[in-house]
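Enquirer: Let me begin by handing over the structure; questions about it come next.
The values are calculated or read from the model by the stated rules, or taken from the named source; none is laboratory data. Because the structure is a prediction, the values reported are computed rather than measured. Note that each Cβ is placed from the backbone with ideal geometry, even for glycine, and that neighbours are counted across all protein chains shown.
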Amino acid sequence: MTPSRTFLSPLAASVLVCLVAGSVVAATGCGTKTNPTSHVAVQSTLGNSTAHPQAQCQLGSQLPWVNIGVLGSSKIPGDNSTVVNDGDAWQGQNVHVTACSVLQSGTNYDVHVSVTQDGQGSFSVNTVGTPITYPGPVSGIQAIFQRGDTGSFRQDDCTLSFPRPEMGLKGGAIWAQVDCPNVVFSGQNRTCSGSAEFRFENCDGAP
């Protein structure tokens, strides 16, 4: 009688190897998922506004805040975007993506993203009870604008929107705009106006 033979698919065979050989698991990375490096682009400003003149804000005109990479427009031929990987440098200063989470639950998204640029400052956006939906706009969004030379400004009821066609939202990625007409530096009783366009990708929550 001819002995029976069992054929394993390549996938089944690899699973079997992972189960029986711990040393092989360590060598091949069986059962692990390597996440790509998070990357970011941000263009942000903060300063005086009609509602908050110099007496309230004390920053003069709208100042460039944390600006990393390039956010291009699909309406302008050749105007491409440039994103910066976590740990790489932009204009000579290292960039650190300190939070990058865009978690989807049905049509709602819970977003926590933050980036710091050495020698410049940081920028953060967080959902604080109000989930983000596309295409928005969505109010009740927290944004924090921080710079060592001017201080930390925060507003918990900013408005997030997607005003340009290249913007969007999915698990693990967001490209949006946030507008904060009343950001407050509570330590000095100053109120200014801030806004930012931001793009974070390869975050937690990606498929």
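Enquirer: Going by the structure shown, is N67 modelled with pLDDT of 90 or more and either over 27 Å from C100 (Cα atoms) or touching an Asp or Glu at 6+ places or on another chain (Cβ under 7 Å) (or both)?
Expert: Details: modelled with pLDDT of 90 or more: yes; either over 27 Å from C100 (Cα atoms) or touching an Asp or Glu at 6+ places or on another chain (Cβ under 7 Å) (or both): no.
Answer is no for this residue.
Enquirer: While we're looking at this one, here's another question. What are the residues in segment 131-163 that are of a type in the set (D, E) and either over 18 Å from T191 (Cα atoms) or at pLDDT 95 or above (or both), if any?
Expert: If the condition is that a residue be of a type in the set (D, E) and either over 18 Å from T191 (Cα atoms) or at pLDDT 95 or above (or both), then D156, D157 are the ones that fit.
Enquirer: Which residues, taken from segment 102-151, are among the hydroxyl-bearing types (S, T, Y) and surrounded by fewer than 18 Cβ atoms within 10 Å (Cβ to Cβ)? If you could, list the steps in order and put the result at the bottom.
Expert: Within segment 102-151, the first condition is being among the hydroxyl-bearing types (S, T, Y), and the residues that meet it are 105, 107, 109, 114, 116, 122, 124, 127, 130, 133-134, 139, 150.
Correct list: S105, T107, T130, T133, Y134, S139.
Enquirer: Here are the criteria: (1) outside any strand (DSSP E or B); (2) closer than 30 Å to G92 by Cβ; (3) of a type outside the set (A, V, I, L, M, F, W, C). Tell me which single one G129 does not satisfy.
Expert: (2)
Enquirer: What number of residues within segment 171-202 are part of a strand (DSSP E or B), more than 12 Å from the chain's Cα centre (by Cα) and not aliphatic (A, V, I, L, M)?
Expert: Here the count works out to 11.
Enquirer: Restricting segment 41-62 to residues that are β-branched (V, I, T) and under 20 Å from R154 (Cβ atoms), which is surrounded by the most Cβ atoms within 10 Å (Cβ to Cβ)?
Expert: Here is the first cut: in segment 41-62, the residues β-branched (V, I, T) are 42, 45, 50.
Right, trim to under 20 Å from R154 (Cβ atoms) and you get 42, 45.
Details: V42: 25, T45: 18.
So, considering only residues that are β-branched (V, I, T) and under 20 Å from R154 (Cβ atoms), the one surrounded by the most Cβ atoms within 10 Å (Cβ to Cβ) is V42.
Enquirer: The conditions are (1) in a loop (DSSP other than H, G, I, E, B); (2) over 20 Å from G194 (Cβ atoms); (3) at pLDDT below 90; (4) out of contact with any Cys (no Cβ under 9 Å at 6 or more places or on another chain), and G87 fails exactly one of them. Which is it?
Expert: For G87, the exception is condition (3).
Enquirer: Which of the numbered conditions does A206 fail, given that it passes all the others? Conditions: (1) farther than 30 Å from G60 by Cβ; (2) at pLDDT 95 or above; (3) under 14 Å from the mean Cα position of the chain (by Cα).
Expert: For A206, the exception is condition (2).
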